[in-house]
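Novice: Input: one structure, supplied below.
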Amino acid sequence: MKFLFDGSPSVQNYADQKLLDRRRISVIRGRVLSSLGGPLTGVRVSDADNTQHGFSISRSEEGGGIFDLVVNGGGLVRVLFVRQPYGKLTQSFYVPWNQVLYVGDVYMNNNQQPVEDFGKPLNNAQITAAASKCQSYTIDHGIRPKLMEEALVYSSKRLKAAQSVVYMSLLGEQVPLKLRLVHVNIDVAGRHFQSVFSAIPELMHTFWWDRRNIYGQFEYGLVDATVRVGYGYENCLDKGATLNQGDLLQGPWTLNFQHRFDPIKNVLHKGDGSSLYLDKSVDILNTVLGSESRRPVNCAKCKSKEPLSGAQLFSPMAVAISPDGTVFVGDFNLVRKISADGTDVESVLELNTMDTGHQYYLAVHPSTATLFISLPLRRQIWQVNTLDKSKNILNNYHVFAGDGDTCSDTGLADSCGDGGLASDSQLSFPKGIALIPLLLTVIADHPWKPTSACAASFPIQELNMEWPTSIAFDHSSKAQHLFVLDSQVLYQIDLTSQVVHVLAGVRKGCEQEAGFEPLKSAQSIAIDSSLGRVLVAESDGRE
């Protein structure tokens, strides 16, 4: 993406390019509009937390308001939009590594009121929709010349004109009476495609992609596409599909023993026309840290930086990952940091062994990369002060929430410090934590009462959790979804509509419903942002 910094004028100005990590560099692309609908040019766009990355100006091309901003991917990026008389606007976007992310339209107005959505959402059960995996129609032909063991192989997918295709089944046989239009929005390689169809039974749509990104460059290997299907202007279903971008352009004819390796996409293009996608191969577990030997509880060498190879663990009980790839491990009384390049490990915080009698939890802020730790026995949430070269890891923290007293639920709104400073609040038994832009969500236990409602979806006021332990927020989706593992039940909480959905498991006092997968000894959950999946870890305590 160096061309975005070159030229006169350049797209991104006054950037210290040394601060942009080539391993995870990405581009945020979108369009700035006035709340009245017209495009806005001359808007200054920048990373609010990294001013040294420079800024971009929205341009008049492609209908006006277009901007491109180069950032470090891997987490939430707070983008600042500034233009008079519209003032300032800040929006957060989850940006993966090495992608051109199209974020759509950003609206600015004088009072910065949110743009209203259209209509009311339709019932999910009324609609049958699916996005199929892409296909690539290719012609492969091999010729073996006389007196030669090698063969010449022709593959049409290597031609520049070859395209990738994805088929979408948008509607089934039954169409809701009030449904009139179906909107399809596809984002791939920074490009945005939009189509509108009349709602008819068995509605199908075929999407062809020429394998070029927004800058006209060919894409190689695999790339993720986001397909959003809107029914009646509402109820958008985020579906991820993987498009085959084709092989490295080496011509349609190759020798069968001549191969090409794409180090960026981690794909081996073989001379016989086939491709080996190493990132999509069978998952293999590798030991990152630790061995069969145990470190001592009081480990002097563990408190300073040491090579990752040969480093020992005592009793790992928590893990968290920073946007730059740094891994934090809660190892009994030490919170340890594995460097992003995977070469060394060091301790950033030392706990009192009394605090480790119950499992504690770690979380990293997706934007600021700040590390938080939830200590149930202390009834507190700590924030680690510094993650680099701390001189005193015993005191390398400050209390973020909880004064150490137990929250006694008296039914009063401010009985546990609600509405006051977080550090003055009282917690009961804090466990899993999730970090949302500008918000820390803490899950703590409260007295449980038997429920008589066993619906799969219900208002958040009816949510009555028994023993919530793990919580995760989906930063990759525009929907505000919070996932909570409560005993053996997985909930999805829509923070916008204030509706709770049961995704898996059986609520206490309820019978198992068809289509719901029971959970067995569920321990924790995590979000796979690349595919929009919720991962659940189960264990019997022995394996």
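Novice: Cα centroids of region 290-342 and region 21-59: how far apart, whole angstrom?
Specialist: With region 290-342 and region 21-59 each reduced to a Cα centre, they are spaced 38 Å.
Novice: In region 465-524, what GluC sites (Glu not before Pro) fall in a loop by DSSP, with at most 10 other Cβ atoms inside 10 Å? List each step's numbers first, then the result.
Specialist: Details: sites: Glu466, Glu511, Glu513; in loops: Glu466, Glu511, Glu513.
Answer in residue order: Glu511.
Novice: Let me ask another. Modelling each spin label as a point 7 Å along the Cα-to-Cβ direction, I'd like the Thr368/Val82 distance in nm, to one decimal.
Specialist: Here the answer is 2.0 nm between the modelled labels.
Novice: Check each of the chymotrypsin sites (Phe, Trp or Tyr not before Pro) in region 1-57 and keep only those in coil by DSSP with at most 13 other C-beta atoms within 10 angstrom; list them in order. Don't jump to the answer; show the numbers that get you there.
Specialist: On the way: sites: Phe3, Phe5, Tyr14, Phe55; in loops: Phe5, Tyr14.
Loop-located and lightly packed - Tyr14.
Novice: Among Cys454, Cys510, Cys407, which comes first, second and so on when ranked by fewest other beta-carbon atoms within 10 Å? Can you show the working numbers first?
Specialist: Numbers: Cys454 14, Cys510 17, Cys407 20.
Neighbour counts put them in this order, fewest first: Cys454, Cys510, Cys407.
Novice: I need the trypsin sites (Lys or Arg not before Pro) found in region 1-78, filtered to DSSP loop residues with at most 11 other beta carbons within 10 Å of theirs. Can you show the working numbers first?
Specialist: On the way: sites: Lys2, Lys18, Arg22, Arg23, Arg24, Arg29, Arg31, Arg44, Arg59, Arg78; in loops: Arg22, Arg23, Arg24.
Those that pass, being in a loop and sparsely packed, are Arg22.
Novice: Hey, could you grab the Kirkwood Rh for region 2-108? Inverse mean 1/r over distinct alpha carbon pairs, Å, one decimal. Intermediate results must be reported in sequence, preceding the final value.
Specialist: Working: mean 1/r = 0.0729 Å⁻¹.
Roughly 13.7 Å, rounded to one decimal.
Novice: In whole Hz and in residue order, list the ³J(HN,Hα) couplings for region 423-435 that follow from phi through the Karplus curve 6.51 cos²θ - 1.76 cosθ + 1.60, θ = phi - 60°; x for Gly and Pro.
Specialist: 5, 9, 7, 10, 10, 8, 7, x, 10, x, 10, 10, 10
Novice: Using the 10 angstrom Cβ neighbour count as an exposure proxy, how do Met317, Met354 rank, fewest first?
Specialist: On the way: Met317 15, Met354 9.
With the fewest neighbours first, Met317, Met354 line up as Met354, Met317.
Novice: Something else: Provide the FRET efficiency to the nearest 0.05 for the Val399-Ser35 pair, computing r from the beta carbons and using R0 = 41 Å.
Specialist: Working: r = 41 Å, r/R0 = 1.01.
About 0.50, to the nearest 0.05.
Novice: A follow-up question, please. Rank the residues Ile66, Ile436, Ile338 as a footprinting-exposure proxy: fewest other Cβ atoms within 10 Å of their Cβ go first. Each step should come with its number before you reach the end.
Specialist: Numbers: Ile66 19, Ile436 16, Ile338 22.
Ascending Cβ contact count within 10 Å gives the list Ile436, Ile66, Ile338.
Novice: I'd like to compare 378-386, 207-215: which one has the highest average count of other Cβ atoms within 10 Å, and what's the full order after that? All intermediate terms of the calculation are to be shown ahead of the outcome.
Specialist: Working: 378-386: 19.2, 207-215: 17.4.
Output ranking for 378-386, 207-215: 378-386, 207-215.
Novice: Run the numbers for Glu292 and Phe458: contour at 0.36 nm per residue of separation, minus the present Cα-Cα distance, in nm. Show your work: numbers first, answer last.
Specialist: Numbers: separation 166, 0.36 × 166 = 59.76 nm, distance 4.76 nm.
Gain on extension, Glu292 to Phe458, equals 55.0 nm.
Novice: Hey, another quick one. For a 25 Å ceiling on Cα separation, which of these pairs sit above it: Lys391/Lys431; Lys301/Lys391; Lys431/Lys520; Lys18/Lys88; Lys18/Lys478?
Specialist: Details: Lys391/Lys431 28 Å; Lys301/Lys391 14 Å; Lys431/Lys520 20 Å; Lys18/Lys88 28 Å; Lys18/Lys478 31 Å.
Pairs exceeding 25 Å: Lys391/Lys431; Lys18/Lys88; Lys18/Lys478.
No lab work stands behind these numbers, since they all come straight from the coordinates. What you see is a predicted model; the values in this text were computed from it and never measured. Here Cβ is always computed from backbone atoms with ideal geometry, including for glycine, and neighbour counts include all displayed protein chains.
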